[in-house]
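Structure first, commentary second.
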Amino acid sequence: MESMHLSLILIGISVLHPRMDALEKLDEPVLWGPSIALERSVVDFFCEIPGKPTTLSVQYELYVKTNPDKSIGEYSSLSGEFATFYLITAEQHNGRLICKASGHNDTDIESSFSNGLDFRVIVPVTEVNIISHPSIESIWEGETLTLQCAKTKGTYVSYDWLWNDAPVQMPYDRNNDTLIIHRVSAQNAGNYKCVASNQFNDTTIFNSSSDVTVYINEYVSKPEISFDVVKHDIGGYKGIITCQSKKGTPLYTFSLLNHTDLIATETTDATRVFFNMAIELNRYMGQVRCNASNEGNWVLSEPISLTVESVGGAVTMTPFKHVGLDFQVISVELHCKVERGTFPHYSWFLNNSRLLGRGDLVARSDESVLALSVDRDNAGFYHCQASDRFDNSTSICSPKMLISKEALNTVSPLVVIVVFTSFALLNVAVIACCIYGVVLRRRYSRKYPLRKMRITDKQEDEEEEDEDDLMLESYEEDVVQADRLSDSAEDEDQSVDETVLYEGTDSE
C-alpha cells in the first residue's frame, strides 16, 4: 500500500515538473506565399524549417496574428517535406500571417514561430451610399456640408468625387471617403457622385457609385420697395406698395412697417407681394419700409416716402441736335419734362395729332425722350403733354416747336445779331486798347524823358558810363593843356605890351 502511494507521488511530480533536459526548441520556420488575393480565390502558402533533419516530424499551423487562437491551416510534415497550406481566401484572412512549427505528437519539442507575412484580401466594394450632414433637405448657405461615402462591404477601397460629372476641385476638403464643403453657397448646389473602387494589380476591377442632388437653401435678400398709385372708381386714390426680394428659399414673410408700427404682413412662396394703402394727394403720409424674412433671418428695405404730388408748373421741351459730316442736322432728340409731379405721364403730338408709330420713344422716371430723324416725313410742329399717370383728367402742354430740315439747319437772326454784335464789341475793345496804349506812352515819355532813356537799356547805360569816364579823363587833360596855353599867351601879351611901352618912351 505504501509503495502504491509512492508511485502516485512520483507520477504527480513528473507531471507537474517535466524534465528540463528533454525539451528541444525548433529553429524558426520560414513562411512564404502571395501578398494579395481576391476574396474566395484559392492560394497556396508554404512553411519550412531550414536545415531540419528529415527524420524529424513537424506539425505546421497557419494563423492570423490578430487571432492566434484560431488556426486557418494545418500540415503535418512526417518525411521532412515543407508544409503547404491550401487556402480559400476570406475577409478574415486579411492581415499578418504567422506560421507555427511544433513537434508532431511530441510534447518534448518547444514550438517556434516565423516572421509575419502581410496578406491583403481584396473584398469587392458593394452598395455605396452618401450620408449627408446636415441633411441635404436642410442645408442653408454659410453652413458646413459633410458628405460621406459609406460602403456596405469592401476592403482597400479608393474613392473619387464628382460634381456635375466633373472631378471635384478646390476649395473642397477631401479626406478619403469624406468630402467637406465650408461655407456653402448657391454655387455649390448640384449633383454629387461618389465612386468607390478596388485596385488589384494596378487595375480597377470593382466599383460602385452613388449620387445625391444638393440644394442650398438661401436666405432672403434685402427687399426692394416701390409704390404706385391708382384711382378708385368710387373716388379717392389707393397706393399699391410692392416688396420684392431677388433671391431666397421659400417660405417668405413680408411685413410693411411705418417706422416701427406694423401695417400689414403676408407669408407666401412668392418673392414679391403687394400691400394697399389709402393715399391723399399733395400730403406727406410718412415713410414706410418692407421687412423680409425666412428661416429666422430678416432684412429691411430702404425707406420710401408716401408723398404723392400732382403734376404742375411748366412743361419744357428741349431739343438736342445730332450733326453729320457735312455739318447738317440729321437727327434730333426732344426731351419733355414737367416742373413737378411724382408720377408724370407724357404724350407727344405732331400738328395737334397724337403721335403714334413715329420716332423712338423712351420713357424715364422724370422725363420723356422722343428721337426723330430729320426728314420730310417727320417735319411739323411738335409738342408734348404731361398728366398724372393715375389720373389723366388734367394735363399741361408744352410750347410747340417746328422740326424740319430747313428750320434746324438755318441760323436764326437772333444768333446772327448776337455773333455780329460780339465781334463788333471785340474790335472796338481792341482798338480802344491800342489807342489808350499809344496815348499813355506819349504822356509817360513827356513826363519822364531822362528816366525813360535810363530805363531803355541797362547794358547800354553801362557802356555809356564807361565812355563818359574816358571822355572825362581826356577832358581833364585838355583843360590842363588849355590852362598851360593860356598862361603862355598871357606872358607873351605882357611882354609885347612892355615892349611897346618901352619903345614909346624912347621916342619921346
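The values are calculated or read from the model by the stated rules, or taken from the named source; none is laboratory data. The structure presented is a predicted model; accordingly, all values stated were derived computationally and were not measured. Here the Cβ positions follow ideal geometry from the backbone for every residue, glycine too, while neighbour counts run over all protein chains shown. When the accessible area is computed, the model is the full protein with side chains, heavy atoms only, and any ligands, DNA or RNA have been set aside. Shrake-Rupley method; radii C 1.70, N 1.55, O 1.52, S 1.80 Å.
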- Note on the structure: Of the residues in region 131-170, those that are without any contact (Cβ under 8 Å) to a residue 12 or more places away in the chain and either among the small types (Gly, Ala, Ser) or closer than 30 Å to Ser293 by Cα (or both) come to Pro134, Ser135, Ala166
- Note on the structure: Expected output for region 175-198 (first residue on the phi > 0 side of the Ramachandran plot, partner open to solvent by 20 Å² or more (accessible area, probe 1.4 Å), Cβ below 6 Å, 6+ apart or cross-chain) is Arg183/Gly142; Gly190/Trp163; Gly190/Asn164
- Task: Give me the pairs, please: first residue somewhere in region 73-87 and modelled with pLDDT under 95, second residue anywhere and not in a strand (DSSP E or B) and not acidic (Asp, Glu), beta-carbon distance under 6 Å, and either six or more positions apart or on two chains.
- Result: Ser76/His104; Leu78/Ser57; Gly80/Thr54
- Could you grab me the full set of residues in region 333-390 that are open to solvent by 20 Å² or more (accessible area, probe 1.4 Å), more than 40 Å from the chain's Cα centre (by Cα), at pLDDT 90 or above and among the acidic types (Asp, Glu)? Glu339
- Note on the structure: When region 147-185 is checked residue by residue, the ones that are open to solvent by less than 70 Å² (accessible area, probe 1.4 Å), polar (S, T, N, Q) and over 29 Å from the mean Cα position of the chain (by Cα) are Thr155, Ser158, Thr178
- Test: residue in region 186-198 that is open to solvent by 40 Å² or more (accessible area, probe 1.4 Å) and closer than 21 Å to Gly296 by Cβ: yes
- So which residues in region 391-411 are of a type in the set (Ser, Thr, Tyr) and open to solvent by 40 Å² or more (accessible area, probe 1.4 Å), if there are any at all? Ser393, Thr394, Ser395, Thr410
- Please go through region 167-226 and pick out each residue that is among the charged types (D, E, K, R) and touching a helix residue (DSSP H, G or I) at 6+ places or on another chain (Cβ under 6 Å). Glu218
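Can you name every one of the strands (runs of 3 or more DSSP E) wholly within region 23-66 that holds 1 or more residues which are of a type in the set (Gly, Ala, Ser) and buried (at least 16 other Cβ atoms within 10 Å of the Cβ)? Spell out the reasoning first.
Numbers: elements: 30-32, 36-38, 42-48, 58-64.
Strands (runs of 3 or more DSSP E) meeting the threshold: 36-38.
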- Query: Taking the stated definitions as given, is Phe206 touching a Pro at 6+ places or on another chain (Cβ under 6 Å), within 30 Å of Pro34 (Cα to Cα) and not acidic (Asp, Glu)?
  - Reply: yes
- Hits in region 305-328 (condition: more than 24 Å from Tyr237 (Cβ to Cβ), part of a strand (DSSP E or B) and open to solvent by less than 70 Å² (accessible area, probe 1.4 Å)): Ala314, Met317, Thr318, Pro319
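Output the number of residues of region 229-244 satisfying the condition of being part of a loop (DSSP other than H, G, I, E, B) and in contact (Cβ under 8 Å) with a residue 40 or more places away in the chain. If you could, list the steps in order and put the result at the bottom.
As a first pass, look at region 229-244 and keep what is part of a loop (DSSP other than H, G, I, E, B): 232-236.
Checking which are in contact (Cβ under 8 Å) with a residue 40 or more places away in the chain leaves us with 236.
Result for region 229-244: 1.
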- Message: Can you report the number of residues in region 88-105 which are more than 18 Å from Cys47 (Cβ to Cβ) and assigned to a loop (DSSP other than H, G, I, E, B)?
- Response: 3
- Item | Matching residues, region 117-142, being at pLDDT 90 or above, in a loop (DSSP other than H, G, I, E, B) and surrounded by 15 or more Cβ atoms within 10 Å (Cβ to Cβ) | Val123, Pro124, Val125, Ile139, Glu141
- Query: Of the numbered conditions (1) farther than 30 Å from Leu62 by Cβ; (2) touching a Leu at 6+ places or on another chain (Cβ under 7 Å), Glu141 satisfies every one except a single condition; which is it?
  - Reply: (2)
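Pick from region 189-207 the residues that are more than 13 Å from Trp163 (Cβ to Cβ) and at pLDDT 90 or above: which of them is farthest from the chain's Cα centre (by Cα)?
Pass one, region 189-207, residues more than 13 Å from Trp163 (Cβ to Cβ): 196-207.
Add one more test, that the residue is at pLDDT 90 or above, and what stays is 196-198.
Values: Ala196: 36, Ser197: 39, Asn198: 42 Å.
Step by step, filter region 189-207, then rank; the result is Asn198.
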- Message: With the structure loaded, tell me whether Ser221 is surrounded by 13 or more Cβ atoms within 10 Å (Cβ to Cβ), of a type in the set (S, T, N, Q) and not in a strand (DSSP E or B) or whether it fails that test.
- Response: yes
- Query: Say we look at region 74-87 and pick out the residues that are open to solvent by 20 Å² or more (accessible area, probe 1.4 Å) and part of a strand (DSSP E or B); which of these is nearest to Ser57 (Cα to Cα)?
  - Reply: Ser76
- Test Asp233 against the criterion of being open to solvent by 80 Å² or more (accessible area, probe 1.4 Å), out of contact with any helix residue (DSSP H, G or I) (no Cβ under 6 Å at 6 or more places or on another chain) and at negative phi, and give yes or no. yes
